[in-house]
Amino acid sequence: RVFFETEGSEGDDVLALQEALLRLGHTAGDTLVASGVFDDATLAALVELQDAAGMEADGTVGPTNVLFTPGAVRVADRFLEPGALLNPGMAVLGTSTGESVVTIDLPAADQALLDEGERVVVVLPDDTRIDGTVQSKAETATVSPQGEATFKVVIVLDDTAAAAGLDQAPVGVEVITDRADDVLAVPVTALLALAESGYAVEVEQPDGSTRLVAVDAGMYADGLVEVTSTALSPGDRVVAP
């Protein structure tokens, strides 16, 4: 709705203006009240805001000066510099919600790694690991001046509180390309390459001695390797240099 700037005007638009002024700390010497009626205190608070923002402090505001949003947002991007010429439909600012998200530019060669709904792990600068989900992936690639094609991917975090205070922080994203459940795994350093080909692990015996057990190696992840052998059981101790 259009804001009315004349004294005595009233309505939800005036109420929204007053509430915004109060949130921004422009209170006309603590005389402003969110009543929905445009009064002298509203005028004074509006002049305070305009003066602080470097605008013409005339105490008026129109429909082109205000942006209504469904909920709280913050300015995340500025697309134009002050003084730039505007054309109809041009974007001036980019906004975001309070939801913590991660944005990555996925190289075109890796676009098959991630799709909407897939689970990932986000590693914060302090090495905290948070599970997340791919919210969206651009359908078309963006090509940089260097000719590199990338797809914009947006990831939402399961635990947004864990990322509180982070803004434009560099993070890592781990993508699960393969998965193995309920398997035996040993440290990668415990895996021995046999001269006759294949692999083995050195298993500790109750008397302190060790023996080599041939294994088939599977997936690698986080310093562990999946192994298969009928001579190994969960809980067996292996030698890892």
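Table for the structure above
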| item | result |
| --- | --- |
| Only one of Thr31, Thr69, Thr42 that is assigned to a loop (DSSP other than H, G, I, E, B) and farther than 24 Å from Val154 by Cβ | Thr31 |
| Segment 147-160 residues that are in the same structural domain as Arg119 (by the TED database), paired with ones that are among the charged types (D, E, K, R) (beta carbon under 7 Å, 6 or more apart) | Thr150/Asp105; Phe151/Lys137; Lys152/Asp105; Val153/Lys137; Val156/Glu99; Asp158/Asp131; Thr160/Glu99 |
| Selected residue (only one of Val37, Val14, Val73, Val61 is closer than 30 Å to Ala169 by Cβ and surrounded by 14 or more Cβ atoms within 10 Å (Cβ to Cβ)) | Val73 |
| Among the residues listed as Val225, Val186, Val203, the single one being touching a Gly at 6+ places or on another chain (Cβ under 8 Å), part of a strand (DSSP E or B) and more than 30 Å from Val154 (Cα to Cα) | Val225 |
| Selected residue (criterion: surrounded by the fewest Cβ atoms within 10 Å (Cβ to Cβ)) from residues of segment 206-220 that are small (Gly, Ala, Ser) and in a strand (DSSP E or B) | Gly218 |
| Selected residue (only one of Glu174, Glu116 is assigned to a strand (DSSP E or B) and charged (D, E, K, R)) | Glu174 |
| Pick from segment 226-241, criterion farther than 16 Å from Thr210 by Cα and over 41 Å from the mean Cα position of the chain (by Cα), ranking: surrounded by the fewest Cβ atoms within 10 Å (Cβ to Cβ) | Thr230 |
| Top-ranked residue in segment 45-60 [being touching a residue at least 24 places away in the same chain (Cβ under 8 Å) and assigned to a loop (DSSP other than H, G, I, E, B); ranked as nearest to Gly11 (Cα to Cα)] | Thr60 |
| Index of the failed condition, Glu48 passing every other in (1) touching a His at 6+ places or on another chain (Cβ under 8 Å); (2) closer than 21 Å to Gln168 by Cα | (2) |
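The values are calculated or read from the model by the stated rules, or taken from the named source; none is laboratory data. Bear in mind that the values here come from a model prediction, so they are computed numbers and not experimental data. So basically every Cβ, Gly included, is an ideal-geometry build from the backbone, and we count neighbours across all protein chains shown.
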